[in-house]
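Reading through the structure tokens given below for one structure.
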Amino acid sequence: MQRMPSSMKPSSMVQGTFDDLGVALADVTFVVVDLETTGGSPSGCQITEFGAVKVRGGEVLGEFQTLVRPSTPIPPFITVLTGITNAMVADSPSIRTVMPQFLEFAAGSVLVAHNAGFDISFLKAAAAQTGHRWPTFPVIDTVRLARQLVHKDEAPNHKLGSLATLFGARVTPDHRALHDAQATVDVLHGLIERVGNLGVHTIEELQSYTSRVSTAQRRKRFLADEMPSAPGVYIFKDGSGEPLYVGTATDLRRRTRTYFTASETRRRMAEMVGLAESITPIVCATPLEASVRELRLIAKHKPRYNRRSRFPEKAVWVKLTDEPFPRLSIVRTVRGDGAHYAGPFASRRTADAAITALHEVVPLRQCTPRLAKTASSTSACALFDLGRCGGPCIGAQSLQDYSHVAEQAAEVFSGSSREAMAALRGRLDTLAAQERFEEAATLRDRMMALVRAAARAQRLRPLTATTELVAARRREGGGWEIVCVRHGRLAGTTLTPVGADPVPYIEALRTTAEIVAAPSQSTDALPVIGPSALAEETELILAWLEKPGTRLVELEGRWTCPVDGAGASRAELEPQATTWSTVDLLDPAPQRPQDRPVGALPPPAA
């Protein structure tokens, strides 16, 4: 057995992690390994020989070679292939002796093998057999690289012997472990030279190399060189400075570098990188700030390669109009006009479905003209004859009687939805009992569209009406993540150092946070949902507030939701969508205070 002397072990060769994705290949320590075994599967076969070569920067640092005595005889066909006989291994050490020695030799390196899956599977099995934890070695497979880089007109196949001939290996592979490992070293260096010409110069780029990534795409990796290793938002821009794509990352440098490697598999992103001429980073204090900034930037610039949140203005709402005889209408803007709103909806189709569901159980008028307090028509539509409308247009229903109908619809939007949902469920049961399953499925979908929109509005409205809310949550490494929310908009966020008193940081945040005007014509009875922030932004904030361990610090205003509102109905109809705060609202007690505080967050984790 030959071991590298300890004097040859430079401290720089230990590489615990590759979190910095810019580790140059010349600085990486590779251990090229080859094994001979008694068969093809580690489940029933064993290692008979180890061969390994440690290299860095083209220089051989040491070699490791030993025969291993298996616990079962070597099959004759293996002896014919490798030349290793039972007599040769009779006095050799067992795997229990060799495995810890190999792990010490390979510590902190990148493992390389030809057909690495075979060798690594045997090494992992041997580690488990001898009671050693398998380290998380990065692995390079020279077969996989060769398939990307060596064409058929250069070599008949990608076997080690063929590649050794192509790259002029100094040792001919002969199915002996050390010789094969030495030949693989020269093959590795030949392959690295080829990918270097294609712009691959780091270990991460080598690990993820694939010919599917164009040379032009790889050559643009320099765009990420100046990105900070910090959380935030990144913006890809074209030559004229127009944003192409906006994204978030916990580490801006690490994330943006992936766009120039095979780890990015989206076709449209390859096209985007081809057009990109620069990347602009925006460092953010917290992940919530990054998510909100991303949302605002996408809504503002509408980058062509973003698919989500590009057109928030296309969202629609269902409005119960504020007039003597209210009706349901689909609108694109939430105004402070005293009307009730449900939504937003992603499409007009789902908004229509929600309106149809409510019309099933609440006999609102469906005609579009604005009606005066007195009858203005001499004939009613067919809905009056079907008993689906009281006929206020012809004076068959008084203003007072119709107001009770309108109150039922308003209650679904802003208060309790139990009566309406019970009526819809009854209708659904009737259709199912009559085996009218297609109609039942359609009604079910309409119910869900209605209850989701109403629940969404009821969650958004209270936070939008809240003048100021300050909340905090402990960070994993210590300290606090603190946010300030005003009228549903993220007004500011900060982090406190580990061990520091958070109070001064909270006061500074409140002083410097963005001033957000209250929605116009908002009242305690009916706060407006917007327009201080996009609905998606308020929902991001709510998701952060609802996570276990969040603590309320300051609250100006009243942050409440209906006890038996649409959130409770949605939890019953769609349990998988339930969050802890929704469950907390499922209070079956018949008494109402009408509202219960949403701000009663769960106690922090110990």
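Quick notes
- Peptide packing for 342-348, 128-134 was compared via the average number of neighbouring C-beta atoms within 10 Å per residue; ordered from the highest value, the list is 342-348, 128-134.
- Reach of K159 by Cα under 24 Å, taken over lysines that are not fewer than 8 positions away in the same chain: K54, K124
- The distance between label points at C381 and T368 comes to 1.0 nm (points 7 Å beyond Cα on the Cα→Cβ vector).
- In a fully extended conformation the segment linking K124 and A90 would gain 9.9 nm over its present Cα-Cα distance, using 0.36 nm per residue.
- Under 28 Å from the Cα of K314 - lysines, other chains or at least 8 residues apart: K237, K300, K302
- With a Förster radius of 35 Å applied to the beta-carbon distance between R170 and E277, the computed FRET efficiency rounds to 0.20.
- Using Cβ point charges alone (K and R +1, D and E -1), the dipole size of segment 96-249 about the Cα centre works out to roughly 300 debye.
- Inter-site label distance for S329 and S240 at 7 Å from Cα along Cβ, in nm: 3.9 nm
- Label-point gap, in nm, between E104 and E419 - each point 7 angstrom along Cα→Cβ: 8.2 nm
No value in this document is a laboratory result; all are computed from the given coordinates. None of the values given here were measured: they were computed from a predicted structure. Because the Cβ atoms are built from the backbone with ideal geometry, glycine has one as well, and the counts that use them run over all protein chains shown.
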